[in-house]
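*Asks:* This is the structure I want to talk about, given as structure tokens.
The values are calculated or read from the model by the stated rules, or taken from the named source; none is laboratory data. The structure displayed is predicted, hence computed values, not measured ones. Note that each Cβ is placed from the backbone with ideal geometry, even for glycine, and that neighbours are counted across all protein chains shown. To get the accessible areas, we keep the full protein, side chains included, count just its heavy atoms, and leave off ligands, DNA and RNA. Shrake-Rupley method; radii C 1.70, N 1.55, O 1.52, S 1.80 Å.
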Amino acid sequence: RTLVTIDSMSAMTSCVARAVVAPKAVAKRSDAAKKVSKPSAALPAGAFAAASLAATPAAFAATEAISQTADGVGVAVGGAVVAAAAGGLLMATDPNKRREDMMSTTGGDEAASVRNYFDTEGFSRWKKIYGETDEVNKVQLDIRNGHQQTVDKILGWTAGVDMTGKTVCDAGCGTGSLAIPLALRGASVSASDISSAMVGEAEVRYNEQVKAGAKAPSVAPKFEALGLEECSGKYNVVTCIDVMIHYPTDRVNGMIDHLASLSDEKLIISFAPKTLAYTILKRIGELFPGPSKATRAYLHAEEDVEAALNAAGFKVTRREMTATSFYFSRLLECERV
């Protein structure tokens, strides 16, 4: 999780540059263009959920403009082409700087920098996004809805399966959006996250649901603060949702291999797919980093992820794509060969 037919890079960058200055004008021109342009086949437009999208008005306008183009409609933009200027603006940003700044405080340990973020400023932000509070902005609410759609798809896949006694490892469980409902369906769940704050919140939410009347499983879920590569044991099902976005490809290949070693039957993972359109969206977000968006976000080519799965002895049996305005995620269900 591709999206988008783009008539030309010039049209794309011109649209972005004008949106930053006058988003309403772009919207009007986009509406006019839709009347004369023929839609082309494309996957749903979406922007990027975790950490790299900005919530500033200028960045929001730019992302909105890209989303309009990504709807599958080639937006015709009149006047002088400003591709060079917009391209220069994108290239002027250093996408590695934030990552380097984060890692400088942890001696170059990227996992430790992710842990620090989600144990501190990132925790309050993502606790709200993955919660029920109304104290979220439009972008955060959209990310919440997108993430929940991904979770619901996994729960739908297991709807006809008796989960009683099934062992599940939910690596990178966050605040328990998937681990908790699986546990309440009777699964024996081992839920872990690199952030002690996040996994602690997951345990609190589980206990609150049981106190509110939800039927507890015969084996209570286990919540632990562990990095993905620290998880151990053997399970019927291993899940890892919206985690790989925080790590580069070389790390992700090793993570997939490790997750595969834990699963006897199924492996379910999600990731942000690397496409031209999503790469541009991500770079636009990097132009306007908000103070609480300190993690570096990584996109991964689906063919690379699938190759790593195959090498680990798994084949993809189902695929889903979740794409909202500010969240996109490719979801794969895999079985051991």
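*Asks:* Give me the pairs: first residue in the range 190-213 and over 10 Å from ILE180 (Cβ atoms) and open to solvent by 40 Å² or more (accessible area, probe 1.4 Å), second residue of a type in the set (D, E, K, R) and not in a loop (DSSP other than H, G, I, E, B), beta-carbon distance under 8 Å, and six or more apart or on different chains, which are they?
*Replies:* Listed pairs, sorted by first residue: SER196/ASP119.
*Asks:* Okay, moving on. Output yes when any residue across the range 313-320 is in contact with a strand residue (DSSP E or B) (Cβ under 7 Å, 6 or more places away or on another chain), under 17 Å from LEU267 (Cα atoms) and surrounded by 19 or more Cβ atoms within 10 Å (Cβ to Cβ), and no when none is.
*Replies:* Yes, the range 313-320 contains a residue that is in contact with a strand residue (DSSP E or B) (Cβ under 7 Å, 6 or more places away or on another chain), under 17 Å from LEU267 (Cα atoms) and surrounded by 19 or more Cβ atoms within 10 Å (Cβ to Cβ).
*Asks:* Among the residues of the range 214-238, write down those that are open to solvent by 60 Å² or more (accessible area, probe 1.4 Å) and touching a helix residue (DSSP H, G or I) at 6+ places or on another chain (Cβ under 6 Å).
*Replies:* Initial filter on the range 214-238 (open to solvent by 60 Å² or more (accessible area, probe 1.4 Å)): 215, 218-220, 222, 224, 229-230, 232, 234.
Within the range 214-238, GLU229 is the sole residue that qualifies.
*Asks:* Moving to a separate point now. Here are ALA260, ALA214: which of them is modelled with pLDDT of 95 or more and assigned to a loop (DSSP other than H, G, I, E, B)? Can you show your working first?
*Replies:* Working: ALA260 fails: assigned to a loop (DSSP other than H, G, I, E, B).
Answer to the check: ALA214.
*Asks:* What single numbered condition from (1) of a type in the set (Ser, Thr, Tyr); (2) surrounded by fewer than 21 Cβ atoms within 10 Å (Cβ to Cβ); (3) closer than 26 Å to SER325 by Cβ fails to hold for SER270?
*Replies:* (2)
*Asks:* Taking the range 121-151 on its own, how many of its residues are open to solvent by 40 Å² or more (accessible area, probe 1.4 Å), under 18 Å from VAL243 (Cβ atoms) and at pLDDT below 95?
*Replies:* Number satisfying all stated conditions: 3.
*Asks:* Condition first: closer than 28 Å to GLU229 by Cβ, touching a Gly at 6+ places or on another chain (Cβ under 8 Å) and open to solvent by 30 Å² or more (accessible area, probe 1.4 Å). Can you find one or more residues in the range 169-185 that meet it?
*Replies:* No: the range 169-185 contains no residue that is closer than 28 Å to GLU229 by Cβ, touching a Gly at 6+ places or on another chain (Cβ under 8 Å) and open to solvent by 30 Å² or more (accessible area, probe 1.4 Å).
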